[in-house]
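Single-structure report; data block below.
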Amino acid sequence: MEKIAKYPSRYIGLFRPTKPKAKILQNLLQSHEIRFGDAFETLIEEYLKETGFKILNKKFSAQKNDKLNVDQCFSKNEKVFFVEQKIRDDHDSTKKRGQIDNFEKKLNAMINEKGEKNLIGIFYFIDPELKKNKNYYISSLEKMSNDYGVKLYLFYGKELFDFLELYEVWNEILNYLEKWKKMK
């Protein structure tokens, strides 16, 4: 409500094709989607903690003092993992390139902080049903892996948990999601 009062031109005006009510609804729904993704970051971190992974600092400095945050950063058995996670792989061509550029910046920061020897990078989409840019992400990650000498992976849905040998976690998440959907 504060944003509406402070910036009414975002919701009304000659060059706004939607009516104010529709624009407000759009903002609320987008906010809901973002918070859903944030909740998944917290959820996955809690599963990692419960299953013996050590949670590491997620904040890094890149070149020119850019502040970067990875979605997950954890270790186990001398390996350091960082994960960039998204809900679904349905980005347009500009967004997918931006995602890969962002991942590479974070990879550089992780290498500077942790070294490349035991580093594993993961680009993860939670929703396994949407794989619009899979080939693009695979080829980009393979190139980066060769360039930097770091193992990089692309996972969808349960593949992340299988990779981490947390085989029951995905089914538990699906069960909770189904219960949550029924409550709404």
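Given a cut-off of under 8 Å on Cα pairs at least six residues apart, what relative contact order in percent is computed for the chain?
Working: 196 pairs, mean separation 27.3, N = 184.
With pairs under 8 Å counted, the relative contact order is 15 percent.
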Scalar couplings 3J(HN,Hα) for region 160-176 by Karplus 6.51 cos²θ - 1.76 cosθ + 1.60 (θ = phi - 60°), nearest whole Hz, x for Gly and Pro, are 4, 5, 5, 4, 7, 6, 10, 5, 8, 4, 4, 5, 5, 4, 4, 4, 5
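Looking at this model, which pairs from Lys86/Lys151; Lys49/Lys96; Lys105/Lys134; Lys64/Lys114; Lys114/Lys134; Lys86/Lys179 are more than 24 angstrom apart at the alpha-carbon? Before the final figure, lay out the partial values.
Details: Lys86/Lys151 19 Å; Lys49/Lys96 30 Å; Lys105/Lys134 20 Å; Lys64/Lys114 19 Å; Lys114/Lys134 28 Å; Lys86/Lys179 22 Å.
The pairs that break the limit, which is 24 Å between Cα atoms, are Lys49/Lys96; Lys114/Lys134.
Where does the chain land at 222 nm, in deg cm²/dmol rounded to the nearest 500, when only DSSP H runs of n ≥ 4 count, each adding -39500 (n - 2.57), divided by all residues? Don't skip to the end; give the middle numbers.
Numbers: 6 runs with 93 residues, N = 184.
So the calculated ellipticity at 222 nm is -16500 deg cm²/dmol.
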Per the charge dipole of region 11-129 (beta-carbon charges, Lys/Arg positive, Asp/Glu negative, Cα centre), the residue among Gln26, His91, Tyr47 reaching farthest to the positive end is Gln26
If you average the alpha carbon positions of region 70-130 and of region 140-155, how far apart do those two centres end up, in angstrom?
10 Å
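Does region 18-98 come out rounded, prolate or oblate, given a ≥ b ≥ c as the square roots of the eigenvalues of its C-alpha gyration tensor, rounded meaning a/c under 1.5 and, failing that, prolate meaning a/b above b/c?
Values: a/c = 2.55, a/b = 1.74, b/c = 1.46.
Judged from the Cα gyration tensor, region 18-98 comes out prolate (a/c at least 1.5, a/b above b/c).
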Expressed in nanometres to one decimal, the distance between label points 7 Å along Cα→Cβ at Lys182 and Glu113 is 4.0 nm
Given 126-134, 15-23, the highest-first ranking by average Cβ count within 10 Å works out to 126-134, 15-23
Cross-link candidates for Lys19: which lysines have Cα within less than 22 Å, leaving aside residues fewer than 8 places away along the same chain?
Lys3, Lys6
Let a ≥ b ≥ c be the square roots of the eigenvalues of the Cα gyration tensor of region 10-63; is it rounded (a/c under 1.5), or, if not, prolate (a/b larger than b/c) or oblate?
oblate
Please state the shape class of the chain: rounded when a/c is under 1.5, otherwise prolate if a/b exceeds b/c and oblate if not, all from the C-alpha gyration tensor.
prolate
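As a test, work out the antiparallel percent of DSSP beta bridges whose residues both lie in region 36-183, rounded to the nearest 5. Kindly include the intermediate steps, with their values, before the conclusion.
Numbers: 10 of 24 bridges.
If I count the DSSP bridges inside region 36-183, around 40 percent turn out antiparallel.
All of the numbers you see were taken from the coordinates with simple rules; none came from a lab. Here the structure is a predicted model, which is why all the values come from computation and not from measurement. Here the Cβ is made from the backbone with ideal geometry for all residues, glycine too, and neighbour counts use every protein chain on show.
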